[in-house]
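The values are calculated or read from the model by the stated rules, or taken from the named source; none is laboratory data. Just so it is clear, the model here is predicted, and its values are computed rather than measured. Quick reminder, even Gly has a Cβ in these numbers, built from the backbone with ideal geometry, and neighbours come from all protein chains shown.
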Amino acid sequence: MPSQEFCLSPRECKPGQFWSLLAVGGLVMLGTLAAFFYLEHHGHVMTGMNNQIVWGLPHVFAVFLIVAASGVLNVASIGSVFGKKMYKARAPLSGLLAIAMLAGGLAVLVLDLGRPDRLIVAMTHYNFKSIFALNMIFYNGFFAIVGLYLLTLMDRRLNHWSKPVGLLAFLWRLALTTATGSIFGFLVARAGYNSALYAPMFIIYSFAYGLAVFILVQSVMYKWNNIQVDERILSRLKNLLAIFIAACLYFTAVLHLTNMYFAKQWEFERFILLDGGIYPLLFWGGQVFLGGILPLVMIFSRAGKSPATVFFAALLVVLGGHFQMYVTIIGGQAFPLDLFPGYAESSSFFDGVVHGYTPTIWEFLLGIGGIATAFLITTAAVRVLKFMPQDDFKDIELEAH
Amino acid sequence: MNEQNLKPDSSDRRAFLKAGAVATGTALAPGVLLFGVAQARAPGEPASDKVRWGMIIDTTKCASGCSDCVTACNTENGLSGATGPQDSQWIRKLNIRHLKSGVETSLPMLCQHCEHPPCVDVCPTGASMKRADGIVLVDRHTCIGCRYCMMACPYKARSFVHEPLTDQNPEVPRGKGCVESCTFCVQKVDRGENTTACVEACNAAGHKAMLFGDLNDPQSEIAQTMKTYATTEVRADLRLNTGVRYQGI
Amino acid sequence: MARVLHNLIAWGLLVLLASLLMAPAAVMAGVNKPVLERGKGERCVEDTEFMRRNHMALLKHHRDDTMRRGIRTTKHSLKGCVDCHASSKTGSVAASKEDFCMACHVYTGVKLDCWDCHATKPMKQYRPAATPRVTPLMVQQQGGQQP
């Protein structure tokens, strides 16, 4: 058993580095809290958000984390639901990351509320017609179910429950991402969002973002413990990532093509794809090239077998995911609402003009607080419990054939 | 005819009014009198779904460059009147130019008080709400400031209060961190004035482009206008059945 | 020696506990109770003792009645409280720590958000901000161009 030879629990190895990790995460959190109290005092005037761009940078980070959280659970699902041993060994880490990232994403959403002091109101008043309220139920359920799932994985007496609970977690996460995508899909009034494709597209995105985050975290943990990742494992993860990236690109193309040819959202498509200033740049350069094509090329290049290449490919996917969220969330709002089709509009409330948005440091600090939250939860949990993937190489041998 | 609008439990005062209306109604113009009776609501009586408040805006009478309705709204509701990207605007003058013909029109844009308001549908806490009489409001005691309603509103009718406020109108509380929008001057309507600041200002300026009233009351001027002239809903394709209608576009 | 220390700790704990138990009694007995300016008029809108204990429930109930159902009775209205209880010094119910709606709350550590929105001074003292600055209708280019 390799677990005997290597130092898998960082507790015994490098406590100093553990504390420095905590310190880094804590420092970022401190910045986030400072930003939160600053904004709580002065109000959202100190952000770049306004009455036209009502959701800004914090939401880019938050929605990315939430979408990736549900996606990262896929690793566990492939193990439990589809019975792949290699993935099963990674199920605990996958569940942990799912919980940590969801917590991070939700924390950002809460910190950005106009009245965060009324969080209790949000917990006690539900409008069941609202997708948002529905999402809160899905999020809470996700914590409970994935928590339970982790328990069945880690407690040997409960092991036999891990399959049904894993299946439930899998179905739940599909529903959750559908609901998250629907937050945008149901905004019928806005040219950029009114599409039924949003829900399935978010599911595909979540596959790629989640797996990319998983690869990143696993790489760091291996490096941390001086473990050489097995080539077969790496190659299977990277191939899966490649499939997901390709699916993302495909779905993105389908969304824009249907918008153009069926929904006739010509103006909006021209804005986001061609002449909308920063947004086409972020779309083509960030989402499509950096987050899609480049990682694909890297994975299939001759260097694609090296752990470093896979690591950087995954990093690019995560980066591209943030670009995608920026284009989706902020680009979608920047395009003016068309109140009177066939007319040119102008007013003191910025009708008919592209809405400007310049984020400030405060909202950036709020946003990265989500990553810091997820990072701190993961770091602490990994230290006290065994989340390190431990492979039984016989199984991998078997599955390879 | 309109007597069924009266609640059976109406107070003595109202029973008296009704008797008076019936007695004199035959001699005088009955519609006008009964109309007055049906609208009077005692302070303790809740808003009723027999009433639906609405507005018709005649764009042919609306003067381009005139913003009296906006000024009046700001004064009534205690808005600063600033027009930066982060400032609240409950009503704004919109200039539109037909792309083909080049015809220009000016009109006020405000909360359309939809029958099926998207803001109410999406609000997670139920703070966005529609009163029985059709007025769409934000209950700012349960609004958490998530701004999903602003994403959902097809008319950009809502504003978020971005900074702390002081010296509010006691009749119109407003404050940081909540979303707000046109209330159809609910404080005036509930006082029985049955008009809004913008409509008063438009009339005072002699334009008479805005008309406020009960769409459900067949005798009301607004219902009569609705019946006689073609009116348009903005974004009628969304089927929201707006309470604000436009004439002349 | 150890025994003395032990006793000391035990007594210390006992005194602490006792004072904890006594604190609410002290509050009830009116020790250090905030001094309140008497409201205008003969009496409050409900029995004084009832108001002391239940004003929050009344306000919340009336708030929902007004907001959601359009009921405009004045008896339990927040505007009414402000009209009768505004301080003769500051003219407000919540401008200083001694003002009516602050005194007890500061004392008991209750923090209200009501005054973020609600005026703390009676209506008759309200002067609309000298003619709001309204820019004439103008086309603003907000860092963008006509699409």
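Which residues, counting only those in the stretch A:27-84, are over 29 Å from A:Ala334 (Cβ atoms) and among the β-branched types (Val, Ile, Thr)? Scanning the stretch A:27-84 gives A:Val72, A:Val75, A:Ile78, A:Val81.
Look at the stretch B:79-91: where a residue is within 7 Å of another protein chain (Cβ to nearest Cβ) and under 20 Å from B:Pro170 (Cα atoms) and a partner is among the hydroxyl-bearing types (Ser, Thr, Tyr) and part of a loop (DSSP other than H, G, I, E, B), sitting 6+ places away or on another chain with Cβ atoms under 8 Å, you get B:Leu79/B:Ser88; B:Ser80/B:Ser88; B:Gly81/C:Thr135; B:Gln89/A:Ser348; B:Gln89/B:Thr83. The residue list A:Ala199, A:Ala144, A:Ala179, A:Ala189 contains one member that is assigned to a helix (DSSP H, G or I), within 14 Å of chain B (Cβ to nearest Cβ) and not β-branched (Val, Ile, Thr), which is A:Ala179. Scanning the stretch A:351-390 for residues that are of a type in the set (D, E, K, R) and without any contact (Cβ under 8 Å) to a residue 24 or more places away in the chain yields one hit, A:Asp351.
Against the criterion of being out of contact with any helix residue (DSSP H, G or I) (no Cβ under 6 Å at 6 or more places or on another chain) and more than 22 Å from B:Arg131 (Cβ to Cβ), B:Thr225 qualifies. Applying the set (1) part of a helix (DSSP H, G or I); (2) at pLDDT below 95 to A:Leu339 leaves exactly one unmet item: (1).
Would the stretch B:70-80 turn up any residue that is crowded, with 22+ Cβ neighbours inside 10 Å, in a helix (DSSP H, G or I), touching a Lys or Arg at 6+ places or on another chain (Cβ under 7 Å) and not aromatic (Phe, Trp, Tyr)? Yes - at least one qualifying residue is present in the stretch B:70-80.
Each residue in the stretch C:79-113 was checked for being in a helix (DSSP H, G or I) and surrounded by fewer than 19 Cβ atoms within 10 Å (Cβ to Cβ), and 8 of them qualify.
Just for the stretch A:352-367: of the residues that are more than 20 Å from B:Gly84 (Cβ to Cβ) and crowded, with 21+ Cβ neighbours inside 10 Å, which one is nearest to the other protein chains (Cβ to nearest Cβ)? So the residue we want is A:Leu366. Checked against (1) farther than 25 Å from C:Arg63 by Cα; (2) facing chain A (nearest Cβ under 7 Å); (3) not small (Gly, Ala, Ser), B:Thr142 meets all criteria but (1).
Looking across the stretch B:220-248 at every residue that is among the hydrophobic types (A, V, I, L, M, F, W, C) and over 19 Å from B:Val199 (Cβ atoms), the one that is surrounded by the fewest Cβ atoms within 10 Å (Cβ to Cβ) is identified as B:Ala230.
The selection criterion, being at the interface with chain A (Cβ under 9 Å from one of its Cβ atoms) and under 28 Å from A:Leu106 (Cβ atoms), does not hold for B:Glu180.
Residues of the stretch A:66-98 being in a loop (DSSP other than H, G, I, E, B), on the phi < 0 side of the Ramachandran plot and surrounded by fewer than 23 Cβ atoms within 10 Å (Cβ to Cβ), which ones? Within the stretch A:66-98, A:Val81, A:Phe82, A:Lys84, A:Ala89 qualify. For A:Leu111, all conditions in the list (1) in contact (Cβ under 8 Å) with a residue 60 or more places away in the chain; (2) touching a Phe, Trp or Tyr at 6+ places or on another chain (Cβ under 7 Å); (3) within 15 Å of A:Ala169 (Cα to Cα) hold save one; what is the number of the exception? Unmet for A:Leu111, out of (1) in contact (Cβ under 8 Å) with a residue 60 or more places away in the chain; (2) touching a Phe, Trp or Tyr at 6+ places or on another chain (Cβ under 7 Å); (3) within 15 Å of A:Ala169 (Cα to Cα): (3). Only one of the listed residues (A:Leu102, A:Leu176, A:Leu153) is modelled with pLDDT under 90 and buried (at least 22 other Cβ atoms within 10 Å of the Cβ). That residue is A:Leu153.
In the stretch C:55-102, the qualifying residues are those that are farther than 20 Å from B:Gln168 by Cα and among the acidic types (Asp, Glu), and the one that is farthest from the chain's Cα centre (by Cα) is C:Asp65.
Filtered by the rule that a residue be within 8 Å of another protein chain (Cβ to nearest Cβ) and not in a helix (DSSP H, G or I), the stretch A:99-141 gives A:Leu113, A:Gly114, A:Arg115, A:His125, A:Tyr126, A:Asn127, A:Lys129, A:Ser130. Scan the stretch C:12-66 for residues that are at pLDDT below 90 and surrounded by 13 or more Cβ atoms within 10 Å (Cβ to Cβ) and the total you get is 6. Residues that are in contact with a Phe, Trp or Tyr (Cβ under 8 Å, 6 or more places away or on another chain) and part of a loop (DSSP other than H, G, I, E, B) within the stretch A:44-65 comprise A:Thr47, A:Gly48, A:Met49, A:Asn50, A:Asn51, A:Gln52, A:Ile53, A:Val54, A:Gly56, listed in sequence order. Screening A:Val146 on (1) farther than 26 Å from A:Thr373 by Cα; (2) buried (at least 23 other Cβ atoms within 10 Å of the Cβ) shows it passes everything except condition (1). Which residues, taken from the stretch B:92-128, are buried (at least 23 other Cβ atoms within 10 Å of the Cβ), more than 17 Å from the chain's Cα centre (by Cα) and more than 14 Å from chain C (Cβ to nearest Cβ)? Within the stretch B:92-128, B:Val122, B:Pro124 qualify. Restricting the search to helices (runs of 4 or more DSSP H) fully inside the stretch B:138-249 and requiring at least 2 residues that are farther than 27 Å from A:Phe37 by Cα gives B:186-190, B:197-204, B:221-228. Listed by position, the helices (runs of 4 or more DSSP H) enclosed by the stretch A:202-318 that each have at least 1 residues that are free of Cβ contacts under 8 Å to residues at least 40 places away in the same chain and within 19 Å of the chain's Cα centre (by Cα) are A:231-261.
In the stretch B:191-204, the residue that is modelled with the lowest pLDDT out of those that are within 14 Å of chain C (Cβ to nearest Cβ) and within 12 Å of the chain's Cα centre (by Cα) is B:Asn194. Among residues of the stretch B:183-195 that are of a type outside the set (Val, Ile, Thr), those with a Cβ under 6 angstrom from a residue that is assigned to a loop (DSSP other than H, G, I, E, B), sequence gap 6+ or separate chain, pair up as B:Phe184/B:Ile135; B:Phe184/B:Thr196; B:Cys185/B:Thr196; B:Gln187/B:Glu171; B:Asp190/C:Gly70; B:Asp190/C:Arg72.
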